[in-house]
Amino acid sequence: MKKILKIMAMLLVISTVVFAAGCTEGAEPAGNETPEDSEQVPPATPDTSGTTEETVTENITTENNTTENNTTENNTTEANETVETGQIVTEADNGTSISLENGENFTLQLGGNPTTGYSWELNVSEGLSILSVDYIQDPAPEGYTGVSGIYTWVIQAVDPGTQQVDGIYKRSWENTTGNEDNFTLTVEVE
């Protein structure tokens, strides 16, 4: 019996050493890590001053906040694909209405700080389709963390009629109290 216990203990030690050696050898970067020999490029921030229509390259492309191997599902576009952004809508346009042609895009930009746990939950009517979602953090002063930034959605008009965009800025795990920041936009699609 003692021999069997000694053999089992030796096998356990050997398997632990082999496992530990395998974990440190030639580890490949995970899908979201950058290999050491490649250059990381920060996302570009589009200059929207004085323009009403421009093209930007998106950094995150999802409708369901899911990307996998640079592709997305559910009528969204592929990462790094150029998307026509169209008219820019901001928090200053809250409660207003815009007019679009069917098939035309517009960009919604709302400020926020996800490091606080708050984020925008956006709902669009069936006549609108979210083509891309992005968040770009504002430049952080040295030593600062938790800096706010801009959430950006590129939205396409896909059906004529009166369409609606509704957003609420809240923590997803908290109940809605009525004190949250809200955003509403009516989109008249011709």
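The values are calculated or read from the model by the stated rules, or taken from the named source; none is laboratory data. Not measured: the values here are computed from a predicted model. Don't worry about glycine lacking a Cβ; one is built from the backbone with ideal geometry, like all the others, and counts go over all protein chains shown. In case anyone asks, the SASA skips ligands and DNA or RNA and just uses the protein heavy atoms, side chains included. Shrake-Rupley method; radii C 1.70, N 1.55, O 1.52, S 1.80 Å.
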So if I take the alpha carbon set of region 142-190, get Rg, then get Rh from the Kirkwood formula, what is the Rg over Rh ratio? 1.12
Using the Karplus curve 6.51 cos²θ - 1.76 cosθ + 1.60 with θ = phi - 60°, what ³J(HN,Hα) values do you get for each residue of region 144-161, in whole Hz, with x for Gly and Pro? 9, 10, x, 7, 6, x, 10, 7, 10, 10, 9, 10, 10, 7, 10, 9, x, x
Report the label-to-label distance for T145 and E91 in nanometres (one decimal), using points 7 Å from each Cα along the Cα→Cβ vector. 2.4 nm
Interchain or long-range residues, amide H under 5 Å from D181's placed H: Y169
Solvent-accessible area per residue, Å², over region 88-189 with all protein chains present [probe radius 1.4 Å]: 51 Å²
Roughly how many Å is it from the Cα centre of region 93-113 to that of region 146-190, as a whole number? 9 Å
Enumerate the calculated ³J(HN,Hα) couplings along region 168-178 in order (Karplus 6.51 cos²θ - 1.76 cosθ + 1.60, θ = phi - 60°), each rounded to whole Hz, writing x wherever the residue is Gly or Pro. 9, 9, 7, 7, 4, 8, 9, 6, 6, 10, x
The long-range amide H neighbours of G86, using H built 1.01 Å from N in the peptide plane and a cut-off of under 5 Å, are E54
